[in-house]
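S.K.: Questions regarding the structure given below will be posed in turn.
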Protein chains: 4
Amino acid sequence: MLNNAKGVYIVAQTPFDEAGNVDLHSIDTLVDFYIQHGANGFTVLGVSGEAGKLNADEARQVAQRYIQRAGGLPVIIGVSNPSLAQLASFSNEAMDLGAAGVMIAPPSGLQTDEDLLGYFAEAFRRIEGTPTVLQDFPFASKVAMSVPLIHQLIERHAEIQLIKEEDLPCLNKISRLREGAGRRVAILTGNNAMYLPLELQRGADGPMAGFSYPEMLSQVYALHQQGRADEADDLFDLYLPLLRYEAMGFWGVCARKEVMRRRGAIRHATLRTPGPKLSGHDLAELDRLVARLERRLGR
Amino acid sequence: MLNNAKGVYIVAQTPFDEAGNVDLHSIDTLVDFYIQHGANGFTVLGVSGEAGKLNADEARQVAQRYIQRAGGLPVIIGVSNPSLAQLASFSNEAMDLGAAGVMIAPPSGLQTDEDLLGYFAEAFRRIEGTPTVLQDFPFASKVAMSVPLIHQLIERHAEIQLIKEEDLPCLNKISRLREGAGRRVAILTGNNAMYLPLELQRGADGPMAGFSYPEMLSQVYALHQQGRADEADDLFDLYLPLLRYEAMGFWGVCARKEVMRRRGAIRHATLRTPGPKLSGHDLAELDRLVARLERRLGR
Amino acid sequence: MLNNAKGVYIVAQTPFDEAGNVDLHSIDTLVDFYIQHGANGFTVLGVSGEAGKLNADEARQVAQRYIQRAGGLPVIIGVSNPSLAQLASFSNEAMDLGAAGVMIAPPSGLQTDEDLLGYFAEAFRRIEGTPTVLQDFPFASKVAMSVPLIHQLIERHAEIQLIKEEDLPCLNKISRLREGAGRRVAILTGNNAMYLPLELQRGADGPMAGFSYPEMLSQVYALHQQGRADEADDLFDLYLPLLRYEAMGFWGVCARKEVMRRRGAIRHATLRTPGPKLSGHDLAELDRLVARLERRLGR
Amino acid sequence: MLNNAKGVYIVAQTPFDEAGNVDLHSIDTLVDFYIQHGANGFTVLGVSGEAGKLNADEARQVAQRYIQRAGGLPVIIGVSNPSLAQLASFSNEAMDLGAAGVMIAPPSGLQTDEDLLGYFAEAFRRIEGTPTVLQDFPFASKVAMSVPLIHQLIERHAEIQLIKEEDLPCLNKISRLREGAGRRVAILTGNNAMYLPLELQRGADGPMAGFSYPEMLSQVYALHQQGRADEADDLFDLYLPLLRYEAMGFWGVCARKEVMRRRGAIRHATLRTPGPKLSGHDLAELDRLVARLERRLGR
């Protein structure tokens, strides 16, 4: 089913209250906000979802709440873990909770193609049959996967139904992934959507990314689907100044949460420690970026 | 003197002919092109200047030609090298040729603050008195330097007159570097100028970056100097779609050279091997990005 | 109390049965074997204890069983985790179970001294008062800590009572750590005990290491304590050929488990997947190494 | 011809005088010392030969002097360089000077098999026909190469005539390299000879390593050739305590140079900066290790 994924899969934030506890209530409002702005699915507990800061119980609760509130829209749960035992047990829990699939990036330390083939053979032996998103995000994972290797993995493991492609440069990699003669999988793209219209032209099936104005993602996708490439670009370019601001790692996620707080999607903009906080200077910058955007949007 | 650097220091490309030989004649036209579009100085043989692919003789020739053609504008020569012996001998050559200073990033493998303090103590023992740009570019160097460490280095080494700041996120790092109580040094910013107007607001003295439309860099800088921040942003935003295209590593440099070739600045867009080549798909994308930009500029 | 640790702290293996399940019964026999051969304490769930392959429940069970069987000897539990939330919750569990302390290595990705000081400030905010072993093992953690930084950490955090020093080269680092003017902490050394007699001469308080003949560790330590340095070296040198065989990463751990199986300490030599298996060639090599050792020992 | 290499290829040090200048006269005495103790060939300007600290002129002089003095014994020149232009020009110079071949390790930053195949295709396009040692030393190069990849490289590039194998664990990798069905190449082993007798049993053709007692390398090799495996082990084990002391990175190289200075092979034990110096403590340790060795050798 994920083979045919298309549209906007939101990389969802994890909301915390001011004390740093998971704010389950804000998950509900955040899901509603995302859906209202055009989300077709969700990816929960990715890197920018601060998965690395949650313990096992919290991760389960977050996954469960997202799945419950999504009301049938597909929810993919990030389960990457240096321990295959933990990866497998959380993967099984996620599927039992009703996830549409899991997302896996290889753990840092793997280097050669032989290592990677061995790693995924063992991983899929443990979660056989689980629909899986293969995340190609070397900036975060520190592991590089070439196009021939990804094609080999697709060939060997029917579990892989979707590639989240966010290597850089990304465009020719998407073209080459699409040119492969093998089984078709979906390709959604990350990198904070910085190259979205170009990626769609290259054959991507949509974004798997987060942004404080998710309506941009769905509108650009819709315009692209209608063959209105110039309008897609025009719209995208309006948002690009803010988009590139949010693209600066966890500090950008912090900015994103703050904008979504202002828009009423969540109650608090807190990132869990260890994580950045916005300074007065940052907030003033954000005010100005948002004001400029709103003005351009004619509001 | 570099202490007072301000304005646009162009990170200059190294032109090659179709066979991959250094094209000295194109250096002349390229320098003219940069000056005509507002360059106040040059940084030659940086990462995107393909310094890593030149042998010692070629590096010397390129440095010499740039210095000759620049007609008195300051030229900074990148001399980073895993070998301190080579760093020192090329540094001395560059200064003898008339360079305004050298640029150094620490070699990969250095990790602790103690390592870094030791490395620069030895480096400056060998090139004592040479005006130096300290390049803080962990994405390429694989070496992270904190603000307190950079302040210590400035304190210890009068040679450091300018920081090229291109860590990410960059904005608060610029603010913190500026807040230091010690000796004032210039701060110019890199990262392909993706955050230029914000960096100027944070106290940076200008960009040290490359772009196929260098007039954007000088116009944004001039508007900022005149306190016309909104106009600076408006202008910057027009160029941002192309700017972010050129920000994709060496493949982006390839695109940049192609645009500058079309603009008559160099004869060939060749990157030396090993390096990417633009596909038909890439060229079509570039056609479209440039056409959209020119249209917005009202040409 | 860990401030005064001395003697042999065994880095304990985690036994698995042939299906890869934790073999709790073999923990009992293994603890007995270690104690019988002179162990003064235990470090459980370190790198070579395959901690990275256990899920949270298994880790808790292993810690509990070791603590129960150790009969009052101090047991240190490895709790390193990229997630501070998980580190803190497992740390608290371990202390509740009766651990003497926890062991922490910084997570990969931390680079500057400022990063590391910030990390440990946050970690100890969460596990305030917990006796802690700071593990300096850059080969595995990918994080380098200089002597001045370690001294600063000791100064700031009373929780740090013991340094497990296993950077390479190790000897001058031990000397420099000892020369610090600050609060005295214990220093135990790792690196598979490859440099044990030299490390003791430099001021280390004993080994924190694993070996299939743990009696060597305790005998060398005892001879050193009695000032019989040459006899300590003579004894150590007998074991060195096997010791260096076991020093080859997880493959060496595999060999170690096989020798301990033969000696009756555990029922199975299995490493949990992903992990190496010994080939026929490996087993023959091991036969020969052990036979040579036993012959030299006059058995 | 390197296809048939066997015996002891010494990884040769580069001697410096007390001011850090290359000491060409000591190269002559050092070559004589190595030959007198059984060297069958030399590898010059490797990692432990401090190649990374020489400039291009110095590297050429060192290569030339070694080749001249070696009197017809094969000399392999290390030419690894992040710049393929510099690699190729130094490689050509080395062959013109009479080298038997060059040694190449891939530059750090290469990650996937596809990257590595591309890199070597380009490298061998530039140095076509040059007999080449492929160095597999991930600890220093930060690049991992799997057995299938090395087999592919051998298949594609007739230039590769010898593998210097020093990955860890090394033994099964040697067995697997030997089991390949393709063209036979020589395999010499590094890792400071820490595993030499075992490596010879696995099918290696000899050591390519440095040690202050090179006679151990040649005697162990000779005993192995005569099928006297136990005597080879007995002899090796005598030297192992000093061998493992010299195995600690550049600090170990420092110790090695000091022992060779005492034995009259070179005039100064200096390492070029940046590099370690031996403390009084280190020297006393070395005195004791050497005295113990000499006593065991019955001198």
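The values are calculated or read from the model by the stated rules, or taken from the named source; none is laboratory data. Remember, predicted model here, so these are calculated numbers, not experimental data. Because the Cβ atoms are built from the backbone with ideal geometry, glycine has one as well, and the counts that use them run over all protein chains shown. For the accessible areas, the whole protein counts, side chains as well, though only heavy atoms, and no ligand, DNA or RNA atoms are used. Shrake-Rupley method; radii C 1.70, N 1.55, O 1.52, S 1.80 Å.
S.K.: Using only atoms on other chains, find how many Cβ atoms lie within 10 Å of each Cβ of peptide D:102-111 and report the average.
M.R.: Neighbouring Cβ atoms belonging to other protein chains average 2 per residue here.
S.K.: While we're here: Of all the C-alpha pairs in segment A:1-97, what % are more than 23 Å from each other? Please report the intermediate quantities before stating the final value.
M.R.: Numbers: 990 of 4656 pairs.
Of all Cα-Cα pairs in segment A:1-97, 21 percent lie more than 23 Å apart.
S.K.: Considering the rotational relationship between chains B and D, which residue of chain B contributes the beta-carbon of minimal distance to the axis, and what is that distance to the nearest Å?
M.R.: B:A56, 3
S.K.: If each label sits 7 angstrom from Cα along the C-beta direction, how far apart, in nm, is A:A121 from its counterparts in the other copies?
M.R.: 2.6, 4.8, 5.1
S.K.: Please calculate how many Å² of accessible area segment A:118-229 carries per residue, with a 1.4 Å probe and no DNA, RNA or ligand atoms counted. Mind showing how you got there, number by number?
M.R.: Details: 3630 Å² over 112 residues.
Per-residue value: 32 Å².
S.K.: Rounded to the nearest 20 Debye, what is the dipole magnitude of segment C:23-131 about its Cα centre when Lys and Arg each give +1 and Asp and Glu each give -1 at the C-beta?
M.R.: Approximately 180 debye in magnitude.
S.K.: With every protein chain left in place, what is the accessible area of A:L24 in Å² (1.4 Å probe, nearest 10)?
M.R.: Only protein atoms counted, so the area is about 50 Å².
S.K.: Students often get this wrong, so check it: of A:K257/D:K142; C:K257/D:K173; A:K277/B:K142; C:K173/D:K257; D:K142/D:K164; A:K173/A:K277, which have C-alpha atoms separated by over 27 Å?
M.R.: On the way: A:K257/D:K142 37 Å; C:K257/D:K173 21 Å; A:K277/B:K142 25 Å; C:K173/D:K257 21 Å; D:K142/D:K164 15 Å; A:K173/A:K277 35 Å.
Where the Cα-Cα span goes over 27 Å, the pairs concerned are A:K257/D:K142; A:K173/A:K277.
S.K.: Set Lys and Arg Cβ to +1 and Asp and Glu Cβ to -1, take the dipole of chain D about its Cα centre, and tell me which of D:Q152, D:V102, D:V8 lies farthest positive.
M.R.: D:V8
S.K.: Another question, then. In deg cm²/dmol, rounded to 500, what helix-only [θ] at 222 nm does the protein assembly as shown give when every DSSP H run of at least 4 residues adds -39500 (n - 2.57) and the total is split over its residues?
M.R.: Numbers: 48 runs with 579 residues, N = 1196.
After summing the helix terms and dividing by the residues of the protein assembly as shown, the value is -15000 deg cm²/dmol.
S.K.: A:H25 versus C:D234, label points 7 Å from Cα toward the beta carbon: distance in nm?
M.R.: The answer from the label model is 7.6 nm.
S.K.: Same structure again: Would you mind giving the total buried accessible surface between chains C and D, with a 1.4 Å probe and ligands, DNA and RNA left out, rounded to the nearest 100 Å²?
M.R.: When C and D are taken together, about 2800 Å² of accessible area is lost.
S.K.: Could you compute the longest span of chain D free of GluC sites (Glu not before Pro) located in DSSP loops and having at most 11 other Cβ atoms within 10 Å, not counting the site residues?
M.R.: The longest such stretch corresponds to D:129-299.
S.K.: Treating only the Cβ of Lys, Arg, Asp and Glu as charged (+1, +1, -1, -1), what charge dipole size does segment A:219-299 show about its Cα centre? Round to the nearest 20 debye.
M.R.: For segment A:219-299, the charge dipole is close to 520 debye.
S.K.: Which percent of the accessible heavy-atom area of segment C:1-117 goes to carbon and sulfur, probe 1.4 angstrom?
M.R.: 46
S.K.: Can you give me the P(r) profile for the protein assembly as shown? Cα pairs, bins 20 angstrom wide beginning at 0, each as a whole percent.
M.R.: 11, 39, 39, 11, 0
S.K.: Roughly how many Å² is the accessible area per residue of segment A:1-54, as a whole number, for a 1.4 Å probe?
M.R.: Accessible surface, normalised per residue, equals 32 Å².
S.K.: Roughly how many debye, to the nearest 20, is the charge dipole of the protein assembly as shown about its Cα centre, given +1 on each Lys and Arg Cβ, -1 on each Asp and Glu Cβ, and no other charges? Could you put the intermediate results ahead of the total?
M.R.: On the way: 124 positive and 144 negative charges, 0 e Å.
Taking the Cα centre of the protein assembly as shown as origin, the dipole is about 0 debye.
S.K.: Please give the Cα centre distance for segment A:272-298 versus segment B:174-232, rounded to the nearest Å.
M.R.: Answer, in whole Å: 19.
S.K.: Here is a further query. Quantify, in whole percent, the carbon and sulfur part of the accessible surface of segment C:190-286 (1.4 Å probe; protein heavy atoms only).
M.R.: The value for segment C:190-286 is 52 percent carbon and sulfur by accessible area.
S.K.: Evaluate the relative contact order of segment D:99-198 (contact order divided by residue number), counting alpha-carbon pairs under 8 angstrom at least 6 apart; express in whole percent. Numbers along the way, then the final one.
M.R.: Working: 129 pairs, mean separation 26.4, N = 100.
Contact order relative to length: 26 percent.
S.K.: Right, another one. From other protein chains only, count the Cβ atoms within 10 Å of every residue's Cβ in D:247-254, then give the mean.
M.R.: 3
S.K.: Could you give, in nm with one decimal, how far D:R262 is from each other copy of that position, shortest first, with labels 7 Å out from Cα toward Cβ?
M.R.: Ordered by distance, the counterparts are at 3.6, 7.0, 7.1 nm.
S.K.: If you don't mind, another one. Provide a whole-number value for the mean count of partner chain Cβ atoms within 10 Å of the Cβ atoms in peptide A:83-92.
M.R.: Working: counts 10, 6, 12, 8, 1, 1, 4, 1, 0, 0.
Rounded to a whole number, the mean comes out at 4.
S.K.: Treating the point 7 Å from Cα along Cα-beta-carbon as the label, what are the nm separations from D:A158 to the other copies, to one decimal?
M.R.: 4.6, 6.2, 7.5
S.K.: In segment D:159-181, which residues become less accessible by 40 Å² or more once every protein chain is in place, relative to the chain on its own, using a 1.4 Å probe?
M.R.: Relative to the lone chain, where solvent access is computed with a 1.4 Å probe, segment D:159-181 loses at least 40 Å² at D:P169, D:N172.
S.K.: Sum up the charges of everything whose Cβ sits under 13 Å from the Cβ of C:V31, counting Lys and Arg as +1 and Asp and Glu as -1, but leave C:V31 out.
M.R.: Result for the neighbourhood of C:V31: -1.
S.K.: Taking every pair of distinct Cα atoms and averaging 1/r, then inverting, what Kirkwood hydrodynamic radius in Å comes out for segment B:168-299? Walk me through the intermediate numbers first.
M.R.: Details: mean 1/r = 0.0625 Å⁻¹.
Answer for segment B:168-299: a Kirkwood hydrodynamic radius of 16.0 Å.
S.K.: Kirkwood hydrodynamic radius, chain C, all distinct C-alpha pairs: what's the number in Å?
M.R.: Value: 19.3 Å, from the Cα pair sum.
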